[in-house]
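What follows is calculated from the coordinates using simple rules that are stated; it is not laboratory data. All figures in this text were calculated on a predicted structure; none of them were measured in a lab. Note: ideal-geometry Cβ built from the backbone for every residue, glycine included; neighbour counts use all protein chains shown.
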Amino acid sequence: MTSTLIIAGIILITTFMFIYFFSLLHRKSKEKRIALQQANFEKLVSTHQLVIDEQEVFDRYLLAIDRINGKFIYIDLHDKAEDEHIVDIHQIKGVKLINEENSIYEDKKGKSVLVEKLVTSLQLEIALKEGKVSELLTFFKYGDAAGEYLRLFERVTIWKDNLTALLKKTTGVKS
């Protein structure tokens, strides 16, 4: 009886030690990743001599505005090779939110009936002046966690409105 309790105790202690060890590893790797991303952002800021007025990180995207130099910064932090865009605000013609959906229909009694709509992507399109190719900044694509979509949509809408207001203020462009 005592040996059974000792063995059960050893198994429980070993299990908790493994859980504690792996949670420490995960926390350290997350802190290391965040520190590396912050260092890369600071390097980008110093390389381009930016003065960041406003920045936000949400769902592994970093958005920032430099009102003094007229720059908008987008960094996708999902991959190890970060996707960076620095857009000159004075070259922006307009800003538009693109929300692509696929509709799923079923045939009921000879009629097509809408069953469900799936969001396939959420992008911020930045149209540039003088025939330059528009910047498409992706925030959601099919396969990402759907629960985060509404929060992403809200945050991207706020940034679209911020950019539109900044455009109206600095360049007189109506988006």
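Overview of results
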read-out: Alpha carbon centroid spacing (whole Å) that separates the range 29-48 from the range 118-144; value: 24
read-out: Contour excess over end-to-end distance, with Cα ends at Arg67 and Leu150 and 0.36 nm allotted per residue; value: 27.1 nm
read-out: Which of Thr157, Thr47 has the fewest Cβ neighbours within 10 Å, and the rest in rising order; value: Thr47, Thr157
read-out: Entry for Cα extents along the principal axes in Å (calculated from the structure that is shown) out of (i) 172, 22, 20; (ii) 53, 39, 26; (iii) 83, 64, 23; value: (iii)
read-out: Estimated vicinal HN-Hα couplings, Hz - the range 91-102 in sequence order (Karplus 6.51, -1.76, 1.60; Gly, Pro = x); value: 9, 7, 8, x, 10, 9, 8, 10, 10, 8, 10, 10
read-out: Within the range 1-47: Cβ-based charge dipole about Cα centre, in debye rounded to nearest 20 (Lys, Arg +1; Asp, Glu -1); value: 160
read-out: Which of Tyr142, Phe21, Gln55, positive extreme of dipole for the chain (C-beta unit charges); value: Gln55
read-out: Tilt relative to the chain, helix 2-47 - C-alpha long axis, 0 to 90 degrees, to 10; value: 20
read-out: Folded to 0 to 90 degrees: helix 149-170 orientation relative to the chain principal axis, Cα; value: 30
read-out: Cross-link pairs Lys129/Lys169; Lys30/Lys96; Lys32/Lys141; Lys32/Lys117; Lys96/Lys117 - those with Cα-Cα distance over 28 Å; value: Lys30/Lys96; Lys32/Lys117
